[in-house]
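A.B. asks: Dropping the structure in here first, questions after.
The values are calculated or read from the model by the stated rules, or taken from the named source; none is laboratory data. Model, not experiment: these values are computed from the prediction. Neighbour counts are summed over all protein chains in view; Cβ atoms, including those assigned to glycine, are modelled from backbone coordinates with ideal geometry.
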Amino acid sequence: MTDPRRPGLGHACMAVLRRDLTLAWRQRGDMALPVLYALIVTSLFPFALGPEDALLRRIAGGAVLVTVLLAMLLALDAMFRSDIEDGSLEQLMLAPQPLAAMMGMKILAHWIATAVPLILVAPLLAGMLHLPAIVMPVLLLALLFATPLLSLFGGVLVALTAGTRRSGMLLALMLLPLCVPVVIFAAGALAAAQEGLPWIAPIAWLGAALALAVVLAPLACAAALRIALDS
Amino acid sequence: MAKWIPLWLHKLSSPPVFYGFAGKLRPWAIALALILGAIGLYGGLVLAPPDYQQGDDYRIIFIHVPCAWMSLFIYAVMGVAAFIALVWRIKLAEIVAMASAPIGAAFTFITLVTGSLWGERMWGTWWTWDARLTSELVLLFLYLGVIGLYHSFEDRRQGARTAAFLALIGIINVPIVHFSVNWWNTLHQGSTIRLLGPSTMASSMIWPLLTMMAATKFYYIASLFGRTRADLLSLESGKDWVREIAEKEVRG
Amino acid sequence: MPGMTDASPAKPLLQARALTFHRQDEPVFGPLDFCLDAGELTLIEGDNGSGKTTLMRILTGLLRPEEGELYWRGEPLTWDRCSGEVVFLGHQLGLKADLTPHENLRFAIGLHGHREHSHIDEALAHVGLSGYENEPVRKLSAGQKKRVALARLLLIPAALWLLDEPYANLDRTGIELVNGLLEAHIAHGGAALVTSHGAVQFHGGEPHRIRLHD
């Protein structure tokens, strides 16, 4: 039974995406915080390890990767928090639309609002640590595959904590096992590129994982949300 | 309720029946765990000959290996219970899954500590980023995540179902982590020392090991039943059968 | 009988049989039996803590009842069965504080669809908010926020309205507004379930009443 007055899936997806991006833009101060955090953490590395070029060059890729990951973790808790508090999530769950698609759009909006600025600033972070210029494209590529994976995993976990009060530390604990493989493959690609070895295999693994996660994570997110809000 | 579940299993999932059943079996499980544990330890620490390479140091495997085995076994039990809890919404399965988590975390922790002690003697370092050790560490984090999520909910049943979902995610994750850490190790050419040599152990070493494995399993059953009984009482505290037990306790 | 597929038109829109809910084995309400037909208004009355909001959340399908059955047009109710035919107005209004009333309503329409011959500006004027269309919701008073949420009822097509405490935070004209909305909805063949902890004056005939927790 298709109701002509009921909006199509694409229309509803666009509505969610547009609303979340508008909200992110209205609170762009919050959007800048993870970027600022990443800058601060990266600038601490030379102080802690000494300004030796060779050493910094060796750790640059991994350090940027972990910094971006931590910065994303910082923003993760807020993914659905305000929606739960003001009741928008209930309205979303009652809408005549597949919840998984709606959650997928929310995760996409969150990725655009938090990860894209971080990816944009990543060359600067890498430059601060003297990452060789040849490795830069690989770093960006690795981030382009790794950050959506983290957003998708994070979306599922944030949905699980939807029924609880503040959950920052718990979220980190739950995310760690999930992000270990992501970090390993992303860093593996960087290490290979830095040594002049072929780096496409780990990136391909990340791409395969991303393709799977794009399909499965929104479904898991919707299921987790229904469990966590007890339905 | 699904029709194919045998009737006795269905009956057993009712809280008062399981409470009684677990209460009857628990003393036996404790006794078996203690006896087998004593025999296994005596066989392993006293009777088994020292290893020609490692001397007496290897004897820690009589604790380390059974615990490592249990850490995975309990996660599997927890995963099955979590699946049942989510699909059929059986209260007992929720309780079993959540009661298993701390026991599994304890076994994982013991595995890490004994592995670290052994590593110090064998490789001269407390910690190495070996694939198995790293996977075990990730397993500990998974357990802690499940426990933490469970306790962050005010409604315990809601917490149990949510944590059960996380446990299921973890089941998919464990092999991925193991695979990726293996890949990472070959990439970095680190210490690729195998924890166990090829399985050419003398039978005098094998039987204590197997006995210890049985002992840990009975300990798990005893501990699980104890925790489950306590949780059943507190979750069902308003029900008649709990009231009857309480009254019997007061009278007796 | 859930398996019955009799296509008689007498099937009630929403029917509850022996509906019971426990929270950690403490009974909240029930067993509850009621029936709601198109063109009917039912008031759910009860004191604080009597489970009105819980009942509402069960009827939306967000919560699962412990025992008892719910039927939507004669079939067991699940959250996807009735979606698109139910609008829920709860304590949390589901409005984004950083968006304007106009943006909030446009988002609601994007998800739920558009009632025929309705217009956002007209709906906002109807609830007495003309002139506030482009003000962020966070700058509105509690009563005005409630009115924005009420405007959603005018815009979204739905057979059943579930209104949890719709009179809260409203002044006298606001209460009249809710009553007017309900009367028009009932007159057009819609149905509504309304919770309230106080006595409600309703002009359009005597509504059915369900009392929780006597």
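For (1) hydrophobic (A, V, I, L, M, F, W, C); (2) at pLDDT below 95; (3) assigned to a helix (DSSP H, G or I); (4) touching a Gly at 6+ places or on another chain (Cβ under 8 Å), each residue gets a yes or a no:
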| site | (1), (2), (3), (4) |
| --- | --- |
| A:Thr161 | no, yes, yes, no |
| A:Ala172 | yes, yes, yes, no |
| A:Cys179 | yes, yes, yes, no |
| A:Ala187 | yes, yes, yes, yes |
| A:Ala191 | yes, yes, yes, yes |
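A.B. asks: Residue check, C:Gly110 against (1) assigned to a helix (DSSP H, G or I); (2) within 9 Å of chain A (Cβ to nearest Cβ); (3) touching a Leu at 6+ places or on another chain (Cβ under 8 Å), all met but one. Which one?
C.D. replies: (3)
A.B. asks: In addition: Taking the stretch C:160-185 as the region of interest, how many residues are crowded, with 20+ Cβ neighbours inside 10 Å and under 14 Å from the mean Cα position of the chain (by Cα)?
C.D. replies: Of the residues in the stretch C:160-185, 10 are crowded, with 20+ Cβ neighbours inside 10 Å and under 14 Å from the mean Cα position of the chain (by Cα).
A.B. asks: Given the condition at negative phi, within 14 Å of chain A (Cβ to nearest Cβ) and not charged (D, E, K, R), answer yes or no: does some residue in the stretch B:111-121 qualify?
C.D. replies: Within the stretch B:111-121, not a single residue is at negative phi, within 14 Å of chain A (Cβ to nearest Cβ) and not charged (D, E, K, R).
Here is a yes/no grid of residues against (1) without any contact (Cβ under 8 Å) to a residue 24 or more places away in the chain; (2) on the phi > 0 side of the Ramachandran plot:
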| site | (1), (2) |
| --- | --- |
| B:Leu7 | yes, no |
| B:Leu25 | no, no |
| B:Ala33 | no, no |
| B:Pro49 | no, no |
| B:Gly55 | yes, yes |
| B:His64 | no, no |
| B:Trp69 | no, no |
| B:Ala105 | no, no |
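A.B. asks: Tally the residues that are closer than 18 Å to B:Gly170 by Cα and of a type outside the set (A, V, I, L, M, F, W, C), restricting the search to the stretch A:173-192.
C.D. replies: Looking only at that region, the number is 2.
A.B. asks: For B:Tyr58, are the conditions met, namely being closer than 18 Å to B:Leu139 by Cα, aromatic (Phe, Trp, Tyr) and crowded, with 20+ Cβ neighbours inside 10 Å?
C.D. replies: For B:Tyr58, the condition - closer than 18 Å to B:Leu139 by Cα, aromatic (Phe, Trp, Tyr) and crowded, with 20+ Cβ neighbours inside 10 Å - is not met.
A.B. asks: In the stretch A:16-27, which residues are over 17 Å from the mean Cα position of the chain (by Cα) and either more than 8 Å from chain C (Cβ to nearest Cβ) or part of a helix (DSSP H, G or I) (or both)?
C.D. replies: Across the stretch A:16-27, the qualifying residues are A:Val16, A:Arg18, A:Arg19, A:Thr22, A:Leu23, A:Trp25, A:Arg26.
A.B. asks: Out of A:Leu152, A:Leu170, A:Leu175, report the one residue that is within 9 Å of another protein chain (Cβ to nearest Cβ), out of contact with any Lys or Arg (no Cβ under 7 Å at 6 or more places or on another chain) and either under 16 Å from A:Ala63 (Cα atoms) or touching a residue at least 24 places away in the same chain (Cβ under 8 Å) (or both).
C.D. replies: A:Leu175
A.B. asks: Okay, moving on. Looking at (1) more than 30 Å from B:Glu244 (Cβ to Cβ); (2) among the hydrophobic types (A, V, I, L, M, F, W, C); (3) surrounded by 12 or more Cβ atoms within 10 Å (Cβ to Cβ), which is the only condition B:Phe21 fails?
C.D. replies: All conditions are met except number (1).
A.B. asks: Of the numbered conditions (1) out of contact with any Ser or Thr (no Cβ under 9 Å at 6 or more places or on another chain); (2) more than 30 Å from B:Pro15 (Cβ to Cβ); (3) surrounded by 23 or more Cβ atoms within 10 Å (Cβ to Cβ), B:Arg121 satisfies every one except a single condition; which is it?
C.D. replies: Checking B:Arg121 against (1) out of contact with any Ser or Thr (no Cβ under 9 Å at 6 or more places or on another chain); (2) more than 30 Å from B:Pro15 (Cβ to Cβ); (3) surrounded by 23 or more Cβ atoms within 10 Å (Cβ to Cβ), the one that fails is (3).
A.B. asks: Is there a residue being more than 20 Å from A:Ile84 (Cα to Cα), assigned to a loop (DSSP other than H, G, I, E, B) and either at the interface with chain A (Cβ under 10 Å from one of its Cβ atoms) or in contact (Cβ under 8 Å) with a residue 24 or more places away in the chain (or both) anywhere in the stretch C:83-106?
C.D. replies: yes
A.B. asks: Filter the stretch C:19-51 down to residues that are part of a strand (DSSP E or B), touching a residue at least 60 places away in the same chain (Cβ under 8 Å) and surrounded by fewer than 18 Cβ atoms within 10 Å (Cβ to Cβ), then give me how many there are.
C.D. replies: 1
A.B. asks: If we scan the stretch C:47-65, do we find a residue that is within 14 Å of chain B (Cβ to nearest Cβ), hydrophobic (A, V, I, L, M, F, W, C) and under 16 Å from the mean Cα position of the chain (by Cα)?
C.D. replies: Checking the stretch C:47-65: at least one residue is within 14 Å of chain B (Cβ to nearest Cβ), hydrophobic (A, V, I, L, M, F, W, C) and under 16 Å from the mean Cα position of the chain (by Cα).
Okay, residues lined up against (1) out of contact with any Pro (no Cβ under 9 Å at 6 or more places or on another chain); (2) at pLDDT below 85; (3) charged (D, E, K, R):
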residue: B:Ser191; (1), (2), (3): yes, yes, no
residue: B:Leu224; (1), (2), (3): yes, no, no
residue: B:Arg227; (1), (2), (3): no, no, yes
residue: B:Ser237; (1), (2), (3): yes, yes, no
residue: B:Val242; (1), (2), (3): no, no, no
residue: B:Gly252; (1), (2), (3): yes, yes, no
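A.B. asks: Which ones in the stretch A:178-189 are at the interface with another protein chain (Cβ under 7 Å from one of its Cβ atoms) and out of contact with any Phe, Trp or Tyr (no Cβ under 7 Å at 6 or more places or on another chain)?
C.D. replies: Correct list: A:Val180, A:Pro181.
Let's see how each residue does on (1) among the hydrophobic types (A, V, I, L, M, F, W, C); (2) surrounded by fewer than 17 Cβ atoms within 10 Å (Cβ to Cβ); (3) in a helix (DSSP H, G or I):
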| position | (1), (2), (3) |
| --- | --- |
| A:His110 | no, no, yes |
| A:Val116 | yes, yes, yes |
| A:Ala122 | yes, no, yes |
| A:Val135 | yes, no, yes |
| A:Leu150 | yes, no, yes |
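A.B. asks: To continue, here is another question. Quick check on the stretch A:99-106. Is at least one of its residues without any contact (Cβ under 8 Å) to a residue 12 or more places away in the chain and among the charged types (D, E, K, R)?
C.D. replies: No - not one qualifying residue is present in the stretch A:99-106.
A.B. asks: Does C:Thr195 fit the bill of being at pLDDT 85 or above and not in a helix (DSSP H, G or I)?
C.D. replies: yes
A.B. asks: Follow-up. Collect the residues in the stretch B:230-252 that are among the small types (Gly, Ala, Ser) and either touching a strand residue (DSSP E or B) at 6+ places or on another chain (Cβ under 9 Å) or part of a loop (DSSP other than H, G, I, E, B) (or both), keeping them in residue-number order.
C.D. replies: Answer for the stretch B:230-252, where residues must be among the small types (Gly, Ala, Ser) and either touching a strand residue (DSSP E or B) at 6+ places or on another chain (Cβ under 9 Å) or part of a loop (DSSP other than H, G, I, E, B) (or both): B:Ser237, B:Gly238, B:Gly252.
A.B. asks: Still on this model: Please state which of the following conditions A:Ser43 fails to meet, knowing it meets all the rest: (1) at pLDDT 90 or above; (2) surrounded by fewer than 16 Cβ atoms within 10 Å (Cβ to Cβ); (3) within 13 Å of another protein chain (Cβ to nearest Cβ).
C.D. replies: Status for A:Ser43: all satisfied but (3).
A.B. asks: Still on this structure, please answer the following. Taking the stretch B:133-167 on its own, how many of its residues are more than 9 Å from every other protein chain (Cβ to nearest Cβ) and closer than 20 Å to B:Ile84 by Cβ?
C.D. replies: 5
A.B. asks: Within the stretch A:79-91, is even one residue more than 14 Å from chain C (Cβ to nearest Cβ), without any contact (Cβ under 8 Å) to a residue 60 or more places away in the chain, assigned to a helix (DSSP H, G or I) and not small (Gly, Ala, Ser)?
C.D. replies: no
A.B. asks: Quick one: in the stretch C:113-146, which of the residues that are surrounded by 19 or more Cβ atoms within 10 Å (Cβ to Cβ), within 14 Å of chain A (Cβ to nearest Cβ) and free of Cβ contacts under 8 Å to residues at least 40 places away in the same chain is nearest to C:Lys96 (Cα to Cα)?
C.D. replies: C:Leu140
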